[in-house]
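Following: one structure in structure tokens, then a few remarks.
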Amino acid sequence: MLGPSLEFTERELARVESLVWREVRHRLDAAGSPASGAMPPSGHVSEPRDDAARELLAQLLTASVEQSAQQAQVRLFIWLLEQLHPDEARILAALSDGTCYPVIHVCMRGHLGTPGPVVLENASSVGRAAGVALPDAVPAYLSHLRMLGLVSVGPESALLVDGYEILLTETVVQQAERDAGGHSRIVRRSLRLTALGHALWDACSAPQRALRSPPGRES
């Protein structure tokens, strides 16, 4: 006998499949309409059709019915890669061998010494180690990579003591401490690839030598 959670899962799957097939059938029915595929005259820029968004959703749902798991994974990886800045790709490369890097958040000091509002989030030495072109943009890069689920920020690591001390000398960290007006608190964390990040790297990267910083860049 199926357990309650499995029964619920199967009911939800059946419900979603029903919705998907309904939209696919609607798209197929609409495909016979001459207006649905009409293109504007050459050189003429027109406003999007009122049904353009609906058509795009229908195309996605059709693909979801037809795709294999491998095709879905390829689409996911392409979608992720298309959102990356080149510097972010270098950060993934630096993390790809399992190396963990220090991360620092600079916060205002809250009540009883607890962290208050964040002044600077995701400062890390991984950018210079990866040889990114814009080291000061690393906090923004890491925020974006975290949003995409490719990197994770975990607890402080005792193995990164020296890295934390070096990171505290970074201009962006010192500026954040000044912005906090002498009431800052340093929160130490660690950075690594997620399972999704490793899967993306392993599936898409060709065998290559370790990345080195281009001439004139700090490593």
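The values are calculated or read from the model by the stated rules, or taken from the named source; none is laboratory data. Because the structure is predicted, anything quoted here is derived from the model rather than measured. Neighbour counts are summed over all protein chains in view; Cβ atoms, including those assigned to glycine, are modelled from backbone coordinates with ideal geometry.
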Considering only residues that are among the small types (G, A, S) and touching a strand residue (DSSP E or B) at 6+ places or on another chain (Cβ under 9 Å), which ones fall in the stretch 42-98?
A94, S96, G98
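Farther than 30 Å from W21 by Cβ and modelled with pLDDT under 95 - does that describe any residue in the stretch 47-59? Outline the logic, then answer.
Step one: of the stretch 47-59, the residues farther than 30 Å from W21 by Cβ are 47.
Within this subset, residues satisfying the condition of being modelled with pLDDT under 95 are 47.
Yes, the conditions are met somewhere in the stretch 47-59.
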In this structure, does R178 turn out to be among the basic types (K, R) and touching a residue at least 60 places away in the same chain (Cβ under 8 Å)?
no
For a quick check of your reading: which helices (runs of 4 or more DSSP H) sit entirely within the stretch 105-172 and have at least 2 residues that are among the aliphatic types (A, V, I, L, M) and over 19 Å from I186 (Cβ atoms)?
126-130, 138-147
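Just to be sure I understand, how many residues within the stretch 181-209 are among the polar types (S, T, N, Q) and at pLDDT 90 or above?
Taking the stretch 181-209 as the starting set, the residues that turn out to be among the polar types (S, T, N, Q) are 184, 190, 194, 205, 208.
Keeping just the survivors that are at pLDDT 90 or above gives 190, 194.
Qualifying residue count for the region: 2.
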Pairs please, first residue from the stretch 130-144 and within 14 Å of A93 (Cα to Cα), second anywhere and basic (K, R) and surrounded by 15 or more Cβ atoms within 10 Å (Cβ to Cβ), Cβ atoms under 7 Å, 6+ apart in sequence or on different chains.
A130/R90; G131/R90; V132/R90
What about R189, is it touching a helix residue (DSSP H, G or I) at 6+ places or on another chain (Cβ under 8 Å), assigned by TED's automatic domain parsing to the domain that holds E121 and not acidic (D, E)?
no
Assess whether D97 counts as being among the acidic types (D, E) and at pLDDT below 95.
yes
Tell me which residues, restricted to the stretch 70-104, are buried (at least 16 other Cβ atoms within 10 Å of the Cβ), small (G, A, S) and not in a helix (DSSP H, G or I).
S96
